[in-house]
């Protein structure tokens, strides 16, 4: 979190910026009403129908395929660049006024079925003693990478109370939950233990993960201890986000592609499963999405995962995933985000093809990776529009029992 000095800077830059749209007017997505009765609050939401995406994630039969996009708040939007070109990442993500505005921008512009709060998978790391920064043009940097058992034992501490360590997260989520309408889902997220451990060990993004993959064989006890500590922290952080207003949790295993299918079942999936089980036990009814980047070859391993939704990257054949994971499993994805640079007719074909190939079964439409910089905003708007016109999901009857979500 910014220091007191940085907080003074935040106050000055916020005073100089135009007032965020959500503070000027009621933030309402296209095609929705502005009546106060449609405002979603934690106390009243339970008495109304849950958002389309939440119902889909639970495996219920729904009226149409919901749609949102990973990295839907990003530099491809001119509104977003007005902030990112001036202010460093941690200031944007840890200053509630800015983070709320950035979270709402794509929802206002495109009418997505979900708002995902603007943050980063590394955001909770300082709460356990691992400091980081995001350097423009270079990406995340860990101040002091972990490289030994001694480093893990001495430098990775207990999170403690997340409300004390990460108070801005609660403010951001509570504000967003108030600002969006009741038909829109608020998505919280964390990085998977494996991805955070690799970042903490490597110190930065690296195509080979030289230090981390060497430690996997030479210091396996240290790697597993780090995974264990991060899992405990992330489980607590997920519940904190839910209590702050998140209605769905997504776990991103961004660096799962660095693991073979066998390594994935040792170094990623068991730790993700602990987080999923913790959420199901502590906050039953809140669905969990697990998205493992580089899921090719890992579908059979995912059969046993108890996450409510399996997210698929664009390299995965969604029809094959449906066959392997079964008709009762909720799938998310997985249009190639580069197709958003294509003509409208190609985007329309890609949306229809993805929705069709995901049947028969519950499906949340998304891109198979984050929206990339330079993507035309009107293409994203059209992507969402086509999805919303898709009509009912075909050939699916909601399972009567959660156990049916696991393919036999």
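The values are calculated or read from the model by the stated rules, or taken from the named source; none is laboratory data. Being a predicted model, the structure only gives us computed values, none of them experimental. Cβ placement follows ideal geometry from the backbone for every residue including glycine, while neighbour counts extend to all protein chains displayed.
Couple of notes before you dig in:
- The residue of region 153-162 that is farthest from the chain's Cα centre (by Cα), among those that are surrounded by 12 or more Cβ atoms within 10 Å (Cβ to Cβ) and not in a loop (DSSP other than H, G, I, E, B), is 153.
- Selection over region 202-231 of residues that are in contact (Cβ under 8 Å) with a residue 60 or more places away in the chain, in a helix (DSSP H, G or I) and buried (at least 18 other Cβ atoms within 10 Å of the Cβ) gives a count of 6.
- Checking each residue in region 218-246 for being farther than 22 Å from residue 164 by Cα and touching a helix residue (DSSP H, G or I) at 6+ places or on another chain (Cβ under 6 Å) picks out 222, 223, 225, 226, 227.
- Residues being within 30 Å of residue 49 (Cβ to Cβ), under 19 Å from the mean Cα position of the chain (by Cα) and surrounded by fewer than 21 Cβ atoms within 10 Å (Cβ to Cβ) - total across region 163-182: 3
- Among residues of region 252-263, those that are without any contact (Cβ under 8 Å) to a residue 60 or more places away in the chain and either under 21 Å from residue 309 (Cβ atoms) or part of a helix (DSSP H, G or I) (or both), counted: 4
- Under the condition of being in contact with a helix residue (DSSP H, G or I) (Cβ under 7 Å, 6 or more places away or on another chain) and assigned to a helix (DSSP H, G or I), the residues counted in region 181-199 number 5.
- Within region 340-378, the residues that satisfy the criterion of being surrounded by 18 or more Cβ atoms within 10 Å (Cβ to Cβ) and free of Cβ contacts under 8 Å to residues at least 40 places away in the same chain are 347, 350, 351, 354, 359, 361.
- Restricting attention to region 103-131, the residues being assigned to a helix (DSSP H, G or I) and within 20 Å of residue 191 (Cα to Cα) number 5.
- Each residue in region 375-408 was checked for being outside any helix (DSSP H, G or I), under 23 Å from residue 294 (Cα atoms) and either touching a strand residue (DSSP E or B) at 6+ places or on another chain (Cβ under 8 Å) or at pLDDT 75 or above (or both), and 1 of them qualify.
- Hits in region 129-147 (condition: surrounded by 13 or more Cβ atoms within 10 Å (Cβ to Cβ) and either touching a residue at least 60 places away in the same chain (Cβ under 8 Å) or within 22 Å of the chain's Cα centre (by Cα) (or both)): 130, 132, 133, 134, 140, 141, 142, 145, 146, 147
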